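To keep things clear, I will list the structure first and then write my remarks on it.
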Amino acid sequence: MLFRSKTRARLERRNVELQRMVQSGAARLEIHEQELRRASEIQHSLLPKEIPQLPGIAIATAWRPARAVGGDYFDVLRLDGNRVALCIADVSGKGVPAALLMANVQASLRASVRDLDSPARVCSIVNGMLCESIAANKFVTFVCGVLDANTRTFRYCNAGHPYPILVSAGATYT
């Protein structure tokens with residue numbers, strides 16, 4: 001009987017310990033989920049609210065991250081009445097670290113694109129800015145182009161990103 005009493009007391013103590021561990025894990029999970037929600041809100045706020053349009057050209061965008069927060073990014077920036085810069089980037093990794101690096105990409109892009117006419121020069125400047133602050137095991141693929149409604153051309157520079165695809169009148173071009 002004494003053996004049963006000691007065993008029961010030990011099991012009850014262990015149960016209390018396990019309940020505390022579960023409660024602590026649930027609290028940590030809730031904090032993590034709150035951080036992810038905040039990071040997701042920040043990431044959404046970095047994407048364009050309105051997509052500038054050009055005469056005779058319809059520009060549409062769609063974005064869906066692989067997880068709640070990630071490193072996918074795009075931007076459409078008006079350069080003048082007939083030109084926009086179209087940029088797409090993908091930061092290696094997922095989650096909050098990728099989203100933070102994506103914010104760095106956006107800041108670098110916006111600091112360099114407005115005054116420049118050359119997509120290659122924009123890529124070079126963004127690359128230089130990122131190389132100063134990016135971890136050795138991280139990378140960003142990037143494509144930046146200028147769409148001109150007057151000349152109906154798209155000049156771009158590709159920095160490791162899949163090539164853009166043009167779909168026009170039912171035909172696809174790479």
*So is Thr61 open to solvent by 50 Å² or more (accessible area, probe 1.4 Å), more than 20 Å from the chain's Cα centre (by Cα) and over 27 Å from Ile31 (Cα atoms) or not?*
no
_Quick test for you: out of Ile51, Ile42, pick the one residue that is in a helix (DSSP H, G or I) and not small (Gly, Ala, Ser)._
Ile42
*Could you identify the single residue in Gly170, Gly160 that is open to solvent by 50 Å² or more (accessible area, probe 1.4 Å), touching a strand residue (DSSP E or B) at 6+ places or on another chain (Cβ under 7 Å) and on the phi > 0 side of the Ramachandran plot?*
Gly160
*asked:* Out of everything in segment 72-99 that is over 20 Å from Gly160 (Cβ atoms) and part of a helix (DSSP H, G or I), what residue ends up being least open to solvent (accessible area, probe 1.4 Å)?
replied: Gly95
*So which residues in segment 100-109 are surrounded by fewer than 21 Cβ atoms within 10 Å (Cβ to Cβ) and touching a strand residue (DSSP E or B) at 6+ places or on another chain (Cβ under 7 Å), if there are any at all?*
Gln106
*Among the residues of segment 23-42, which ones are open to solvent by less than 100 Å² (accessible area, probe 1.4 Å) and free of Cβ contacts under 8 Å to residues at least 60 places away in the same chain?*
Ser24, Gly25, Ala26, Ala27, Leu29, Glu30, Ile31, His32, Glu33, Gln34, Ser40
_Considering only segment 75-86, I want to know if a residue exists there that is under 15 Å from Phe142 (Cβ atoms), within 12 Å of the chain's Cα centre (by Cα) and not β-branched (Val, Ile, Thr)._
yes
*Considering only segment 154-169, state which residues are in a strand (DSSP E or B) and not polar (S, T, N, Q).*
Phe154, Arg155, Tyr156, Cys157, Ala159, Gly160, Leu166, Val167
*Determine if segment 48-57 includes at least one residue that is under 20 Å from the mean Cα position of the chain (by Cα), farther than 29 Å from Ala135 by Cα and open to solvent by 80 Å² or more (accessible area, probe 1.4 Å).*
yes
*Among Thr151, Thr172, which is the only one that is assigned to a strand (DSSP E or B) and either under 20 Å from the mean Cα position of the chain (by Cα) or hydroxyl-bearing (Ser, Thr, Tyr) (or both)?*
Thr172
*Within segment 124-140, can one find any residue that is in a strand (DSSP E or B), surrounded by 15 or more Cβ atoms within 10 Å (Cβ to Cβ) and of a type in the set (Val, Ile, Thr)?*
yes
*Candidate set from segment 1-21 (those that are open to solvent by less than 100 Å² (accessible area, probe 1.4 Å) and not hydroxyl-bearing (Ser, Thr, Tyr)); member that is nearest to Val69 (Cα to Cα)*: Leu18
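The values are calculated or read from the model by the stated rules, or taken from the named source; none is laboratory data. It should be emphasised that the depicted structure is a prediction, and the values quoted were computed from it without experimental measurement. Ideal geometry is used to build each Cβ from the backbone, glycine not excepted, and the neighbour counts take in all protein chains shown. Heavy atoms of the whole protein, side chains included, go into the accessibility calculation; ligands, DNA and RNA do not. Shrake-Rupley method; radii C 1.70, N 1.55, O 1.52, S 1.80 Å.
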